[in-house]
Amino acid sequence: MLKEDPNNMKFLHLEDCDADAELFESLLLREWPGSTITRLSTKQEFEKAIREDSYDLVLSDHSMPGFDGLSALEMVRAASPGTPFVFLSGTIGEERAIEALKQGAVDYVLKDTPARLLPAIHGALMQSQNEAARRHAEESMRQSQEQFQQIAENIDDFIVLLDPQEHCLYANPTFRRLLGKSEHQLGFNILEDVHPDDRRRFRNFLVQATDFNAAQDIEYRVLLPNNAVRHFEARISFPSYTRNNCPIILLAGRDVTERKEAEELLRERASLLEKARDAICVMDLQFKITLWNASAERIFGYTAEAAAGCSLRELLFRRDTGRFDTVFALTLAQGEWQGEFRLAREDGRELVVDSSWTLVTDDGGKAQSILCIVTDVTNRKQLEQELQRGQRIESLGMLAGGIAHDLNNILSPILMSIGLLRHLTKGAESKAVLDTLEASATHGSELVRQILLFARGSEGQRTEVQMGEFLDGLKGFLRAALRRGIDLSVDYDAGIWPISADATQLKQVLLNLCVNARDAMPNGGGVHITATNVNVAPGTQHGFHGEIASGPYVRLDVADTGTGIPPEILEKIFDPFFTTKELGKGTGLGLSTIAGIVQSHGGAIQIESALGRGATFHIYLPAMLTPEQRTDDTSPASLPEGNGELILVIDDDGGIRLVTEKILASYGYEVVTAKDGNSGLAEFYRQRDRIQLVICDQMMPGMSGSEVLTQIRQEAPSVKLIAMSGLVEELKIAGAKDDIMILQKPIQTETLLRAVRHSLDAVAAEPAIGA
C-alpha cells in the first residue's frame, strides 16, 4: 500500500532559491493538502534534519552555494537508505543526471518542466514502497532461514532437503551423525544409504509425494558403512519455497531403531506369555486390564478382546470385592503378594487359583501397574479334598473294623443261642419269639456287614444277584441315607431276572443316586426305584451313556421329584469333577463313579430330566437267563450231630466261648475252651492226642489266631482247623491255606454245626466263608 495520505506526507526540500521553492511547494500542497514541507538551504540544516527526523521524500536542487545535490544524496543514503530522493534542478546535465541515478536517486526533474514533478514524485514513492516491500520480504526470508537453521541444527530429529533428482541439498547435524557424513559431503544421492531391500519402496514414496503433492509417511532402513542396520521413520513433504525454480523435497524424521528393537523384544516376550500355562494379566492402578494372555482366556473364559479395558475387580472378583481391595492395597504397600482366591469364570463356575501379584514401577520408582500371575488349582484342590476324604474314610474303615469285630462278637452268641434254644424249646409261642429275635439279630449283622463294606471299600466277587431279594434287603440301608420328608418306594417285576454283579458296587450305584436325589429335594419329595425286564434291540445306541449291546437286560430306574437338571449340563454330568454343588458339598466324582461301575458290568445309562420335574436315571445291566440252581436246607431236623469228638474253642469273648461250647455239647461233641492264644496252645499241648478240631478266633490280644493255627498245623498236621472272625480281611488271610475252613461272625447255629461236621468228615476241607 502506497503511503500517500495527504495528512501524513512529509517532504524535505533542499533549495536556495525562494521563488523556485514557493512554486514547487504550491504544487506539492495542491496534490497533498495536509502534507508537511520542510525547506532547507544549508548543509548544516540538512544534515541535522535527516539525522533527527524521517521523511517520505527528499527534493533537492543540484547546485547550491557551498553544497551540492550529490553530497545531499550521499548523506540521505547513509542516514535513511529507503527514503526516495528526487533531483529538482535547472542545469543538471545528462552526465550528472546519470551519475545521480547511479548513486541512488530515483528521478530528476528540470525546473523548466514543473508539470513533470508530480508524476516523478508519485513514481518515486511507488518505487520506494516496492523497495521497502522487497527488503521486508528478504528480511523475513533471512529470519525464517535463520530460524530454520537454528531449529534444524539443534533438534534430535533429522531434517534433509532434496532436489527432484534425490540429491541432498541440506542435512542437519543429526542426519549427518546418524549416517557418519561430514558437512562437506552434501550433494550425495539419498538412495545411496537406503537399505537395498527398501530402495524401490523409498523411491515409490518420493514419486507419489511429487506426483500428488501430498505428504507421505514411510518407515525404511539404512545400511551403514559398517553393515549395521538402522530403522528410520520419516515424512516426505514439500516446503513453500523453491531453489532455482525447482521444488524442494523435505525429509524429516527420526531414528527408531531402539523402539523397533524394544517392540521386537516385546513381541518375543508376548509370544512367551501366550505360551505360558499360567494366566498372566496386567492391570493399571484403576484396575483396567491392559494385558490378557491365551491361558487367561482358557482359564477364565473371557477373550482378550472382551477383557481389554475392563475392570479386573468387576470381571473376576465380583463375589469378593472386599478381599480384592485388601490385596490391591497390600501389593501397593509391599510390592508383592501371594495367596489363593476363589474367582468366578465367565460361565459362572467357581475356580480356586493360586495368585502372585507384583507391583510394576517406572524408572523413577513410581507405581504404574500390577502384574498378576494366576495358576488354576481347582482340580488339585478337589484331588486334595478327595484324598483327605479317602483318608477320613480309611480312618473310618479302621474304626468300623474294630466296631464290627465287637458287634459281631456280641451278635454271635445271640444268634447261636437262638439256634440252641429253638432246639430245646417246644412251644409255638416261644419259637415265634425266637424267630423275632433271630430276624432282628440277623438284620443287625447284615447292617454291620454293609457298613463295613462301604467304609473300608471292600469288594466282593461278582455273583448271581437275585434282584428282588437284593432290593428288599437294601430298603433299610437307603432309607437311612435319605433325610426325613423324603419317601422311598421300591418295586420290581414278579419274574425279575437275576444278574451277575458285584453286590457291593451295585449298592454303591443306588446309594449315590439316592444321595444325589436327596440333595435335589431340599424341601422333601420322593424317590422311586423300580426294576423291570427289558430287551434291547440291535443297533440301539441313541441316548445311552456308554455302549450297549442287544439282548436281555434288567433296568433299574431311580426317579426323584427334585429340581431337575438343566439341559445345557446334561452332557457334562458324567465328567469327572463336574459338579453343580457348592464347593465342599460335592466332589464331582459320584456320577462318574456310577458310570464306571455300570460300564464295567457291561451296562449303560440313560437319563431323563427337565427343570422342575425331577430326574430319572435308567441303569441297564445284562441279565442272566440260566441262573444256577441253589439248595437251601435249613431245617433243624437235618442238622448234623457229633460222635464225641473233642473240639478246642479259642476265643477272647467269653459269651462266644460259652454259647459255642453249649451248642457243640448239645449236639454230641466234647468241648474244651481257652480265652487267648497262649492258653489255647497250652490246652492243645495238654490234650493233643485227643483233640480232633480247633476253632480259633483271628483277632485276639497277644498271639493272633493265625499264629496259633500255624503253630498247631506244624505240631499236628492231621488236626482239623476252623478260623473265625468278624472281618473279611482276616478270614481271607486264614483262608489262603487250603486246609483251613473259615467262618464269618456272627455265626448261626446251623452254620457252625455244618462247618464242624464238614471239616471233621472231609479229607481236605475246602475253604469257605460262612454267612
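The values are calculated or read from the model by the stated rules, or taken from the named source; none is laboratory data. The model shown is predicted, which means the values in this text are computed figures rather than measured ones. Note that each Cβ is placed from the backbone with ideal geometry, even for glycine, and that neighbours are counted across all protein chains shown. We work out accessible area using only protein heavy atoms, side chains counted, and drop any ligands, DNA or RNA first. Shrake-Rupley method; radii C 1.70, N 1.55, O 1.52, S 1.80 Å.
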- Item | All positions within region 359-377 that are open to solvent by 60 Å² or more (accessible area, probe 1.4 Å) and under 19 Å from the mean Cα position of the chain (by Cα) | 373, 376
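A quick yes/no check of all residues on (1) modelled with pLDDT of 85 or more; (2) under 43 Å from the mean Cα position of the chain (by Cα):
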| site | (1), (2) |
| --- | --- |
| 505 | no, yes |
| 522 | no, yes |
| 549 | no, yes |
| 555 | yes, no |
| 562 | yes, yes |
| 567 | no, yes |
- Query: All but one of (1) surrounded by 11 or more Cβ atoms within 10 Å (Cβ to Cβ); (2) touching a residue at least 40 places away in the same chain (Cβ under 8 Å); (3) under 17 Å from residue 194 (Cβ atoms) hold for residue 225; which doesn't?
  - Reply: (1)
- Query: Could you list, in sequence order, the residues of region 191-222 that are open to solvent by 80 Å² or more (accessible area, probe 1.4 Å) and among the aromatic types (Phe, Trp, Tyr)?
  - Reply: 212
- Complete set of residues in region 674-696 that are without any contact (Cβ under 8 Å) to a residue 60 or more places away in the chain and buried (at least 23 other Cβ atoms within 10 Å of the Cβ): 677, 680, 694, 696
- Residue in region 98-105 that is surrounded by 14 or more Cβ atoms within 10 Å (Cβ to Cβ), in contact with a strand residue (DSSP E or B) (Cβ under 9 Å, 6 or more places away or on another chain) and modelled with pLDDT of 75 or more present: yes
- Task: Provide a single number: the residues in region 462-483 that are under 11 Å from residue 506 (Cβ atoms) and part of a loop (DSSP other than H, G, I, E, B).
- Result: 1
- Do the conditions hold for residue 43, that is, is it in contact with a helix residue (DSSP H, G or I) (Cβ under 9 Å, 6 or more places away or on another chain) and either of a type in the set (Phe, Trp, Tyr) or modelled with pLDDT of 80 or more (or both)? yes
- Message: Testing residue 38 on (1) among the hydroxyl-bearing types (Ser, Thr, Tyr); (2) assigned to a strand (DSSP E or B); (3) open to solvent by 70 Å² or more (accessible area, probe 1.4 Å), one condition comes back false. Which one is that?
- Response: (3)
- Task: Those residues that are outside any loop (DSSP other than H, G, I, E, B) and open to solvent by less than 50 Å² (accessible area, probe 1.4 Å), I need them from region 519-538; list them, please.
- Result: 525, 526, 527, 529, 530, 531, 532, 533, 534, 536
- Task: Check off (1) surrounded by 18 or more Cβ atoms within 10 Å (Cβ to Cβ); (2) farther than 21 Å from residue 109 by Cβ for residue 48 and give me the number that stays unchecked.
- Result: (1)
- Give the residues of region 53-97 that are at pLDDT below 80 and under 20 Å from residue 35 (Cβ atoms), sorted by residue number. 82, 88
- Can you tell me which residue within region 661-673, out of those that are outside any loop (DSSP other than H, G, I, E, B) and out of contact with any Leu (no Cβ under 7 Å at 6 or more places or on another chain), is least open to solvent (accessible area, probe 1.4 Å)? 664
- Would you mind finding the one in 724, 699 that is modelled with pLDDT under 90, of a type in the set (A, V, I, L, M, F, W, C), closer than 16 Å to residue 653 by Cβ and open to solvent by 60 Å² or more (accessible area, probe 1.4 Å)? 699
- Item | Complete set of residues in region 207-221 that are among the hydrophobic types (A, V, I, L, M, F, W, C) and at pLDDT 80 or above | 207, 215, 218
- Task: Please specify each residue of region 328-358 satisfying the condition of being open to solvent by 40 Å² or more (accessible area, probe 1.4 Å), within 20 Å of the chain's Cα centre (by Cα) and over 16 Å from residue 297 (Cα atoms).
- Result: 336, 338, 340, 342, 354, 358
- Determine if region 378-395 includes at least one residue that is within 13 Å of the chain's Cα centre (by Cα), modelled with pLDDT under 90, open to solvent by less than 30 Å² (accessible area, probe 1.4 Å) and under 26 Å from residue 295 (Cβ atoms). yes
